[in-house]
Amino acid sequence: MIDTKPTTNGHGPTTSQTPVEAKAKPRDLAGSRMMYSRMIGALFLLGFLFYGVGSGLATSLVGGSNFLSTIAASQTLLVIGAFLMFLNTGVDVGKGVLFFPILEKHSKRTALAYLATMIVEVVLLAIGVLALLLIVPLARHAGEAGAQTLGAILVQTNATAYQMGEMSLGVGAIFLCVLLFRTQLIPRWLAISGLIGYPILVAGTIAEIFGIHIGLYLTIPGFFFELVLPFWLFFKGFRPGAYRGEPVSVAITD
(Lines give C-alpha, C1' and ligand atoms only; values in the text may rest on other atoms or scores of the structure.)
Protein backbone atom coordinates (compact mmCIF):
# COMPACT_ATOMS: atom_id res chain seq x y z
CA MET A 1 0.00 0.00 0.00
CA ILE A 2 1.34 3.43 -0.89
CA ASP A 3 1.76 5.83 1.98
CA THR A 4 -0.16 8.93 1.05
CA LYS A 5 0.79 11.03 4.10
CA PRO A 6 2.16 14.44 3.05
CA THR A 7 5.90 14.94 3.43
CA THR A 8 8.23 17.90 3.43
CA ASN A 9 11.08 17.60 0.92
CA GLY A 10 10.91 13.83 1.33
CA HIS A 11 12.14 13.93 4.93
CA GLY A 12 9.05 12.71 6.77
CA PRO A 13 5.57 13.87 7.74
CA THR A 14 4.89 17.45 8.61
CA THR A 15 3.56 18.40 12.00
CA SER A 16 0.24 20.13 12.41
CA GLN A 17 1.76 22.78 14.72
CA THR A 18 2.69 26.03 13.00
CA PRO A 19 5.56 28.24 14.22
CA VAL A 20 3.01 30.76 15.47
CA GLU A 21 1.29 28.07 17.56
CA ALA A 22 4.62 26.84 18.91
CA LYS A 23 5.53 30.35 20.06
CA ALA A 24 2.08 30.89 21.58
CA LYS A 25 2.54 28.15 24.18
CA PRO A 26 5.45 29.80 26.05
CA ARG A 27 3.60 33.11 25.94
CA ASP A 28 0.45 31.49 27.28
CA LEU A 29 2.46 29.80 30.03
CA ALA A 30 4.10 33.08 30.99
CA GLY A 31 0.70 34.76 31.11
CA SER A 32 -0.66 31.98 33.32
CA ARG A 33 2.40 32.19 35.57
CA MET A 34 2.07 35.93 36.13
CA MET A 35 -1.70 35.70 36.55
CA TYR A 36 -1.37 33.08 39.30
CA SER A 37 1.55 34.95 40.88
CA ARG A 38 -0.36 38.23 41.05
CA MET A 39 -3.57 36.63 42.27
CA ILE A 40 -1.73 34.92 45.14
CA GLY A 41 0.15 38.14 45.91
CA ALA A 42 -3.13 40.07 45.98
CA LEU A 43 -4.66 37.56 48.41
CA PHE A 44 -1.75 37.98 50.82
CA LEU A 45 -2.30 41.74 50.86
CA LEU A 46 -6.10 41.42 51.11
CA GLY A 47 -5.68 39.14 54.11
CA PHE A 48 -3.68 41.85 55.89
CA LEU A 49 -6.31 44.44 54.97
CA PHE A 50 -9.47 42.50 55.86
CA TYR A 51 -8.37 40.82 59.06
CA GLY A 52 -6.13 43.66 60.22
CA VAL A 53 -8.76 46.40 59.86
CA GLY A 54 -11.59 44.17 61.08
CA SER A 55 -9.71 42.98 64.14
CA GLY A 56 -8.63 46.52 64.95
CA LEU A 57 -12.24 47.71 64.89
CA ALA A 58 -13.65 44.82 66.89
CA THR A 59 -11.00 44.57 69.59
CA SER A 60 -11.01 48.32 70.19
CA LEU A 61 -14.68 48.02 71.18
CA VAL A 62 -14.34 45.03 73.51
CA GLY A 63 -11.10 45.93 75.23
CA GLY A 64 -12.57 47.76 78.21
CA SER A 65 -13.46 46.23 81.56
CA ASN A 66 -17.13 47.18 81.20
CA PHE A 67 -17.53 47.02 77.42
CA LEU A 68 -20.98 45.39 77.47
CA SER A 69 -22.61 48.55 78.77
CA THR A 70 -21.15 50.64 75.93
CA ILE A 71 -21.29 48.19 73.04
CA ALA A 72 -24.93 48.95 72.16
CA ALA A 73 -24.00 52.40 70.86
CA SER A 74 -21.30 51.00 68.58
CA GLN A 75 -22.57 47.54 67.71
CA THR A 76 -22.64 48.43 64.00
CA LEU A 77 -18.88 48.96 64.07
CA LEU A 78 -18.45 45.63 65.85
CA VAL A 79 -20.48 43.85 63.18
CA ILE A 80 -18.51 45.54 60.38
CA GLY A 81 -15.25 44.56 62.04
CA ALA A 82 -16.39 40.97 62.45
CA PHE A 83 -17.55 40.87 58.83
CA LEU A 84 -14.15 42.06 57.60
CA MET A 85 -12.47 39.42 59.74
CA PHE A 86 -14.76 36.80 58.25
CA LEU A 87 -13.85 37.86 54.71
CA ASN A 88 -10.36 36.61 55.48
CA THR A 89 -11.84 33.09 55.38
CA GLY A 90 -12.27 33.25 51.61
CA VAL A 91 -8.89 34.94 51.20
CA ASP A 92 -6.90 32.25 53.01
CA VAL A 93 -8.76 29.34 51.43
CA GLY A 94 -8.17 31.05 48.08
CA LYS A 95 -4.42 31.10 48.76
CA GLY A 96 -4.41 27.37 49.44
CA VAL A 97 -6.48 26.61 46.35
CA LEU A 98 -4.37 28.75 44.02
CA PHE A 99 -1.12 27.41 45.42
CA PHE A 100 -2.28 23.80 45.07
CA PRO A 101 -1.71 23.20 41.32
CA ILE A 102 1.66 24.96 41.50
CA LEU A 103 2.91 23.01 44.53
CA GLU A 104 1.40 19.74 43.29
CA LYS A 105 3.86 19.64 40.38
CA HIS A 106 6.63 19.17 42.94
CA SER A 107 4.94 17.52 45.93
CA LYS A 108 1.28 16.60 46.21
CA ARG A 109 1.68 15.91 49.95
CA THR A 110 2.95 19.43 50.58
CA ALA A 111 0.18 20.91 48.45
CA LEU A 112 -2.44 18.98 50.45
CA ALA A 113 -0.77 19.80 53.79
CA TYR A 114 -0.73 23.52 53.05
CA LEU A 115 -4.36 23.54 51.87
CA ALA A 116 -5.45 21.50 54.92
CA THR A 117 -3.73 23.82 57.40
CA MET A 118 -5.29 26.85 55.74
CA ILE A 119 -8.73 25.28 56.10
CA VAL A 120 -8.07 24.53 59.79
CA GLU A 121 -6.90 28.12 60.26
CA VAL A 122 -9.99 29.71 58.75
CA VAL A 123 -12.32 27.44 60.74
CA LEU A 124 -10.63 28.53 63.97
CA LEU A 125 -10.71 32.20 62.99
CA ALA A 126 -14.39 31.87 62.07
CA ILE A 127 -15.10 30.47 65.54
CA GLY A 128 -13.45 33.55 67.00
CA VAL A 129 -15.54 35.85 64.79
CA LEU A 130 -18.72 34.04 65.86
CA ALA A 131 -17.77 34.60 69.51
CA LEU A 132 -17.44 38.34 68.85
CA LEU A 133 -20.81 38.47 67.09
CA LEU A 134 -22.48 36.81 70.10
CA ILE A 135 -21.51 39.88 72.12
CA VAL A 136 -24.14 41.91 70.22
CA PRO A 137 -27.21 40.06 71.63
CA LEU A 138 -25.45 39.62 74.97
CA ALA A 139 -25.11 43.42 75.30
CA ARG A 140 -28.89 43.68 75.66
CA HIS A 141 -28.51 41.91 79.01
CA ALA A 142 -25.51 43.93 80.19
CA GLY A 143 -27.05 44.63 83.58
CA GLU A 144 -27.83 41.00 84.41
CA ALA A 145 -25.68 38.86 86.68
CA GLY A 146 -22.93 37.01 84.87
CA ALA A 147 -23.31 38.91 81.59
CA GLN A 148 -19.98 40.69 81.90
CA THR A 149 -18.22 37.42 82.75
CA LEU A 150 -19.76 35.72 79.73
CA GLY A 151 -18.73 38.66 77.56
CA ALA A 152 -15.15 38.35 78.78
CA ILE A 153 -15.22 34.63 77.94
CA LEU A 154 -16.38 35.41 74.40
CA VAL A 155 -13.57 37.94 73.95
CA GLN A 156 -11.04 35.41 75.25
CA THR A 157 -12.50 32.76 72.93
CA ASN A 158 -11.78 34.99 69.96
CA ALA A 159 -8.23 35.65 71.19
CA THR A 160 -7.50 31.95 71.73
CA ALA A 161 -9.06 30.93 68.42
CA TYR A 162 -6.88 33.54 66.70
CA GLN A 163 -3.70 32.20 68.30
CA MET A 164 -4.58 28.61 67.42
CA GLY A 165 -5.44 29.65 63.87
CA GLU A 166 -2.13 31.47 63.50
CA MET A 167 -0.34 28.42 64.86
CA SER A 168 -2.00 26.29 62.17
CA LEU A 169 -1.07 28.85 59.52
CA GLY A 170 2.54 28.87 60.76
CA VAL A 171 2.84 25.09 60.57
CA GLY A 172 1.40 25.00 57.05
CA ALA A 173 3.62 27.87 55.94
CA ILE A 174 6.72 25.99 57.15
CA PHE A 175 5.84 23.15 54.75
CA LEU A 176 5.23 25.75 52.05
CA CYS A 177 8.56 27.51 52.57
CA VAL A 178 10.50 24.24 52.60
CA LEU A 179 9.09 23.45 49.15
CA LEU A 180 9.64 27.02 47.92
CA PHE A 181 13.27 26.76 49.04
CA ARG A 182 13.83 23.33 47.52
CA THR A 183 12.22 24.08 44.15
CA GLN A 184 13.30 27.74 43.95
CA LEU A 185 9.84 28.91 42.92
CA ILE A 186 10.97 32.13 44.60
CA PRO A 187 14.50 33.28 45.53
CA ARG A 188 16.02 31.21 48.29
CA TRP A 189 16.70 34.25 50.51
CA LEU A 190 12.96 34.95 50.57
CA ALA A 191 12.07 31.33 51.33
CA ILE A 192 14.69 31.30 54.12
CA SER A 193 13.06 34.37 55.69
CA GLY A 194 9.84 32.36 55.88
CA LEU A 195 11.66 29.34 57.31
CA ILE A 196 12.99 31.59 60.05
CA GLY A 197 9.85 33.62 60.63
CA TYR A 198 7.14 30.96 60.79
CA PRO A 199 8.67 28.71 63.48
CA ILE A 200 9.12 31.86 65.59
CA LEU A 201 5.47 32.74 64.91
CA VAL A 202 4.37 29.27 66.05
CA ALA A 203 6.42 29.65 69.23
CA GLY A 204 4.78 33.02 69.84
CA THR A 205 1.26 31.63 69.47
CA ILE A 206 2.01 28.82 71.92
CA ALA A 207 3.39 31.35 74.39
CA GLU A 208 0.24 33.49 74.06
CA ILE A 209 -2.02 30.49 74.66
CA PHE A 210 -0.15 29.83 77.93
CA GLY A 211 -0.44 33.47 78.97
CA ILE A 212 3.06 34.63 78.06
CA HIS A 213 2.36 37.78 76.06
CA ILE A 214 5.30 37.91 73.64
CA GLY A 215 3.45 36.83 70.49
CA LEU A 216 3.23 40.33 69.01
CA TYR A 217 7.01 40.66 68.90
CA LEU A 218 7.49 37.17 67.49
CA THR A 219 5.26 37.89 64.50
CA ILE A 220 7.76 40.40 63.06
CA PRO A 221 10.05 37.91 61.22
CA GLY A 222 7.07 36.17 59.61
CA PHE A 223 5.55 39.55 58.79
CA PHE A 224 8.63 40.30 56.65
CA PHE A 225 8.00 37.23 54.47
CA GLU A 226 4.28 37.88 54.10
CA LEU A 227 4.89 41.51 53.15
CA VAL A 228 7.77 41.00 50.72
CA LEU A 229 6.38 37.88 49.01
CA PRO A 230 3.29 39.54 47.46
CA PHE A 231 5.36 42.36 45.98
CA TRP A 232 7.85 39.86 44.58
CA LEU A 233 4.99 37.90 43.02
CA PHE A 234 3.44 41.06 41.55
CA PHE A 235 6.60 42.20 39.79
CA LYS A 236 8.64 39.02 39.23
CA GLY A 237 6.29 36.10 39.66
CA PHE A 238 7.24 32.49 40.28
CA ARG A 239 10.38 31.40 38.46
CA PRO A 240 9.34 30.00 35.07
CA GLY A 241 11.15 26.64 35.21
CA ALA A 242 9.96 25.84 38.72
CA TYR A 243 6.44 26.96 37.80
CA ARG A 244 6.48 24.40 34.98
CA GLY A 245 7.48 21.73 37.48
CA GLU A 246 11.04 21.30 36.22
CA PRO A 247 13.81 20.03 38.53
CA VAL A 248 15.88 22.62 40.39
CA SER A 249 18.94 22.10 38.16
CA VAL A 250 16.83 23.08 35.15
CA ALA A 251 14.64 25.69 36.84
CA ILE A 252 17.57 27.65 38.24
CA THR A 253 18.76 28.53 34.74
CA ASP A 254 15.53 30.40 33.89
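The values are calculated or read from the model by the stated rules, or taken from the named source; none is laboratory data. None of these values were measured; they are calculated from a predicted model. No Cβ is skipped: glycine too gets one built from the backbone with ideal geometry, and neighbour counts run over all protein chains shown. Remember, those area values only see protein heavy atoms, side chains included, never the ligands or the DNA or RNA. Shrake-Rupley method; radii C 1.70, N 1.55, O 1.52, S 1.80 Å.
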remark   = Among (1) hydrophobic (A, V, I, L, M, F, W, C); (2) open to solvent by 70 Å² or more (accessible area, probe 1.4 Å); (3) under 16 Å from the mean Cα position of the chain (by Cα), Trp189 falls short only on (3)
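I want to confirm something. Restricting to segment 46-73 and keeping residues that are assigned to a helix (DSSP H, G or I) and among the hydroxyl-bearing types (Ser, Thr, Tyr), which single residue is farthest from the chain's Cα centre (by Cα)?
Kept after step one, since they are assigned to a helix (DSSP H, G or I), are these residues of segment 46-73: 46-61, 68-73.
In the following step, the residues that additionally are among the hydroxyl-bearing types (Ser, Thr, Tyr) were identified as 51, 55, 59-60, 69-70.
Working: Tyr51: 12, Ser55: 17, Thr59: 22, Ser60: 25, Ser69: 36, Thr70: 35 Å.
For segment 46-73, the residue satisfying everything is Ser69.
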ask   = Got at least one residue in segment 89-98 being touching a Gly at 6+ places or on another chain (Cβ under 9 Å) and farther than 30 Å from Lys108 by Cα?
value = no
key: Pair list, Cβ < 6 Å and 6+ apart or interchain, from segment 146-170 residues that are at negative phi and surrounded by 16 or more Cβ atoms within 10 Å (Cβ to Cβ) to residues that are among the small types (Gly, Ala, Ser) and not in a loop (DSSP other than H, G, I, E, B)   = Leu154/Ala131; Thr157/Ala131; Asn158/Gly128; Asn158/Ala131; Ala161/Gly128; Tyr162/Gly128
request  = Quick one: in segment 228-245, of everything that is without any contact (Cβ under 8 Å) to a residue 60 or more places away in the chain and not charged (D, E, K, R), which residue is farthest from Arg33 (Cα to Cα)?
outcome  = Val228
In segment 101-118, the residues that are buried (at least 16 other Cβ atoms within 10 Å of the Cβ) and in a helix (DSSP H, G or I) = Ile102, Leu103, Thr110, Ala111, Ala113, Tyr114, Leu115, Thr117, Met118
